[in-house]
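The values are calculated or read from the model by the stated rules, or taken from the named source; none is laboratory data. As the structure is a prediction and not an experimental result, all values here were calculated from the model. Glycine also receives a Cβ, built like all others from the backbone with ideal geometry; neighbour counts cover every protein chain displayed.
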Amino acid sequence: MADDCPRPCSIAAALSFLGEKWALLAIRELALGVHRFDEIQRNTGAPRDVLANRLRRLEEEGVLERRQYQERPVRFGYHLTPAGEELRPILLSIAQWGDRWAAPPRVTTWVHTCGEEACVVHTCRGCGEEITGRDLSARYAAPALRESA
């Protein structure tokens, strides 16, 4: 592998369309049950043209889909696809991190259906232990790539 080539990375691939604040805030709104463009725009504060572009790209990437809810005039709502639904715990993880490190005093408490405050904890499917990130190493499909320590 040449030293000037970027590391092949699924994080980089996902961030190519998710890694912008208006995209994630639009997904947040869909996850909260907001489906109409005007409401998404109002709740995110995104400029209309920017939001339209982000929604279009998220649709192209399979994160959301448009569904017609009115015939005259024709109007569509936005809904998460299964790929978009899988972003819910990621958004909660970002919210938890923001509450701890980036936000003013917490404004939202996320409550699980059991009634307890939600706290995302990442665990290993194999052993059940909590994953911290410091306990991981990378294995790459291409044998020529260096493995991370």
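State whether one or more residues within the range 63-73 are closer than 18 Å to Ala95 by Cβ and hydroxyl-bearing (Ser, Thr, Tyr).
Scanning the range 63-73 turns up no residue that is closer than 18 Å to Ala95 by Cβ and hydroxyl-bearing (Ser, Thr, Tyr).
Among the candidates Gly126, Gly45, Gly98, single out the residue that is out of contact with any Gly (no Cβ under 9 Å at 6 or more places or on another chain) and at positive phi.
Values: Gly126 fails: at positive phi; Gly98 fails: at positive phi.
Residue meeting the stated conditions: Gly45.
Take the residues in the range 41-62 that are hydrophobic (A, V, I, L, M, F, W, C) and in contact with a strand residue (DSSP E or B) (Cβ under 7 Å, 6 or more places away or on another chain); name whichever of them is nearest to Ile90 (Cα to Cα).
Going through the range 41-62, the residues hydrophobic (A, V, I, L, M, F, W, C) turn out to be 46, 50-52, 55, 58.
In the following step, the residues that additionally are in contact with a strand residue (DSSP E or B) (Cβ under 7 Å, 6 or more places away or on another chain) were identified as 55, 58.
Details: Leu55: 19, Leu58: 16 Å.
Among residues in the range 41-62 that are hydrophobic (A, V, I, L, M, F, W, C) and in contact with a strand residue (DSSP E or B) (Cβ under 7 Å, 6 or more places away or on another chain), the one nearest to Ile90 (Cα to Cα) is Leu58.
Can you name every residue in the range 40-74 that is among the basic types (Lys, Arg) and at pLDDT below 95?
If we filter the range 40-74 for residues that are among the basic types (Lys, Arg), which is where we start, we get 42, 48, 54, 56-57, 66-67, 72.
Matches in the range 40-74: Arg72 only.
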